[in-house]
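The values are calculated or read from the model by the stated rules, or taken from the named source; none is laboratory data. The structure presented is a predicted model; accordingly, all values stated were derived computationally and were not measured. Here the Cβ positions follow ideal geometry from the backbone for every residue, glycine too, while neighbour counts run over all protein chains shown. We work out accessible area using only protein heavy atoms, side chains counted, and drop any ligands, DNA or RNA first. Shrake-Rupley method; radii C 1.70, N 1.55, O 1.52, S 1.80 Å.
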Amino acid sequence: MIEYYDAYTETTAVELLSTAKSKWASSPNASGAAMAADVIAQIPAGTKVQAELDALIAEINQKLREDEKRDWEFKMQQYNDEIARQKREYALRKQQQEADIAYRDRQQIADNEYRRKEQVARDQRRRMLIDACRQVGLAFAKNYQPPTYNVKNVYAW
């Protein structure tokens, strides 16, 4: 009876191991590993398939670690890409600010120069106007003869 039970457990273990391998092969990811683990949990201990079972478990663990490592590396690459993008944006904003500041400085210098030239031109026009008025005044003064009034004394009684 024990021989039949041992044969039954060996056959059941082989069938369950085969099922676990097929579930893992059909979906070699975390969900496939979970399905294979459910089947592996049903395999009786101490059977002749234990070596194959250990090899399957090691393969599943290795694959999951590789997947986790790949996912981690992918997430780290995304993080590094985001940091690089932020640095590029910061550098671009800083460059734009520097260009804006330089433009404002040049514009301020140009505005000041324009105002200075306008002030000089305004001053020249005022001086020319004053000189013209002075010349008109001098010419008028040279040709001016005060009016003479002939007043006769008239005595009325």
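Would you please name the residue that is farthest from the chain's Cα centre (by Cα), looking only at residues in the range 40-99 that are more than 18 Å from residue 28 (Cβ to Cβ), outside any loop (DSSP other than H, G, I, E, B) and of a type in the set (Gly, Ala, Ser)?
Only one residue fits best here, namely 51.
Name the pairs whose Cβ atoms lie under 8 Å apart, with the first residue in the range 16-38 and in a helix (DSSP H, G or I), the second acidic (Asp, Glu) and open to solvent by 50 Å² or more (accessible area, probe 1.4 Å), and 6 or more positions between them or separate chains?
Hits for this filter: 17/52; 24/59.
So which residues in the range 1-42 are of a type in the set (Val, Ile, Thr) and either in contact with a strand residue (DSSP E or B) (Cβ under 6 Å, 6 or more places away or on another chain) or within 12 Å of residue 60 (Cβ to Cβ) (or both), if there are any at all?
Once the filter is applied, which keeps residues that are of a type in the set (Val, Ile, Thr) and either in contact with a strand residue (DSSP E or B) (Cβ under 6 Å, 6 or more places away or on another chain) or within 12 Å of residue 60 (Cβ to Cβ) (or both), the range 1-42 yields 39, 40.
Quick check: is even one residue across the range 120-140 within 30 Å of residue 22 (Cβ to Cβ) and either part of a helix (DSSP H, G or I) or at pLDDT below 95 (or both)?
no
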